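Only one structure is covered here, and it is reproduced in the block below.
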Amino acid sequence: MDMNVKFNNLLSRSIFIFPIYLPYMLLIKNASQLLTLAGGIKKEDYELGIIENGAVLIEGEKIVEIGSTKELKGSADKEIDASSKVVMPGFVDPHTHLVFSGTRENELYMKLQGKTYLEILKMGGGILRTVRATRNASKEALIKESMRRLDYMLVNGTTTAEAKSGYGLNYEDERKILEVINDIKHPIDLVPTFLGAHALPPEFKKSGEHIEYMKKIIPKIAPLAKFIDIFCEKGVFNCEESKEYLDEGKKYGLVPKIHADEIEDIGCTKVAVEVGAISADHLVKTSDENIELMAKKGIIAVFLPATPYMLLSKEYARARKFIEMGIPVALATDLNPNAYTESMQMVISLAITQMHMLPEEAIAASTINAAAAIGMKDKIGSLEKGKQADLIILDAKNYQQIGYHFGVNLVEKVIKKGKLVWSRGNVLH
Ligand SMILES: [Zn+2]
């Protein structure tokens, strides 16, 4: 076979979009380490709940037994041997901008010349360029682009993700994006967030005008989303506007989230506290005072290290400070045309090397704490009796190899709702 054809076929042949239906009871056994992440959200101690030589018994979509391989009593129709592998909950990615049209690799050149994020935005690039392309794209085209990204996410071990609108910025196109998120059929479960205040679109001169317009469309949009989010930032939307917009969303049952302190600390975490946000995300520039404020209110800090990485910045969120203060921390890809990655493994590696998070912290931040950041910690994010059977099997002898063995995909199998939905192919051998 021609080598190019063989390579091009690799990705498609390795991905099974539709689940392979296995028998009713599935047993995964002999895992060198089974990471349960049991016991709820992690903050002071990041205990992974490790079972050596572990096993999980799954019935239908749920975990019915968990323990050591020797002790596990139930029998199964189908068994998977996980010898020399780590078995853990599927990654939860709690902050993505999954649905967009086109890419922006050309901006890498601008960044290499020293242009900043806000300078690129002012030149009509950045978010606004993606808004133009996304407005022009049909729902079908957006589904097609998003499906490919979801396939990459699944192969890299993500089993649930949050997905934001925010590249429409008018009623019709925000609705179109949220419909894509709600309608798309893929093994990965998506949780929709309305991000109508992501940037100021060209049809408005002032940020306040856009907020007034967004407040008018919230009642019609709210049934399509679970969360409401805003880019609270100097030169984008200020604190008063953010509060007004998020409060309006709450009236219609949406739970607030906020993009805060990515470029400057203008007090957005105070807004998060005032509106009772479930999470504040980015937090690169958050002051000590505002970190303390977040700690008092139990808001989850979501870090997105792929973003400064792709902005060629050396400055990352001060994870150690947040963890010291007892704030539960989560990690996410921020998947978007600026930080174009679907890989939580890459994010874990960046969190360890650039933010000095311990491997235990980074793993909890990508599973149970990430599930908490999207209000799903009782259903997913850990391996416990009664929970949804979303888990991954990694080619790693122990969990410390995740993030350490980097730049490659360690995930060998993905099980979603008790079904094997992806398994590494052998096409190169
Ligand atoms: Zn974002």
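Tabulated data
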{"quantity": "Cysteines without a disulfide-compatible neighbour (Cβ-Cβ under 4.7 Å), the chain", "calculated": "239"}
{"quantity": "Over the chain, volume per residue of the alpha carbon convex hull, in Å³", "calculated": "138 Å³"}
{"quantity": "Residue 421 long-range amide H proximity, modeled H, under 5 Å", "calculated": "414, 415, 416"}
{"quantity": "Vicinal HN-Hα couplings computed from phi for segment 238-252 (Karplus, 6.51 cos²θ - 1.76 cosθ + 1.60; Hz; Gly/Pro x)", "calculated": "7, 5, 4, 4, 5, 5, 4, 5, 5, 4, 4, x, 4, 4, 9"}
{"quantity": "Packing rank of 214-223, 319-328, where each peptide gets the mean count of other beta carbons within 10 Å, highest leading", "calculated": "319-328, 214-223"}
{"quantity": "Around residue 358: net Lys/Arg minus Asp/Glu count, Cβ-Cβ under 14 Å", "calculated": "-3"}
{"quantity": "Mean separation of Cα contacts under 8 Å, 6 or more apart, over the residue count of the chain: relative contact order %", "calculated": "22 percent"}
{"quantity": "Segment 335-429 - percent relative contact order, Cα under 8 Å, separation 6 or more", "calculated": "23 percent"}
{"quantity": "Cα long-axis angle, helix 171-183 against the chain (0 to 90 degrees, to the nearest 10)", "calculated": "0 degrees"}
{"quantity": "Cut-off under 5 Å, modelled amide H: who pairs with residue 162 long-range", "calculated": "93, 95, 96, 191"}
{"quantity": "With Cα atoms, 0 to 90° folded angle of helix 3-14 axis to the chain main axis", "calculated": "90 degrees"}
{"quantity": "Cα long-axis angle, helix 126-136 against the chain (0 to 90 degrees, to the nearest 10)", "calculated": "80 degrees"}
{"quantity": "Listed peptides 298-306, 133-141 by packing density, highest first (mean Cβ within 10 Å)", "calculated": "298-306, 133-141"}
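We did not get these values from a lab; they are worked out from the coordinates using the rules stated. Predicted, not measured: the structure shown is a model, and the values here were computed from it. Using ideal geometry, Cβ is built from the backbone for each residue, glycine included, and neighbour counts are taken over all protein chains shown.
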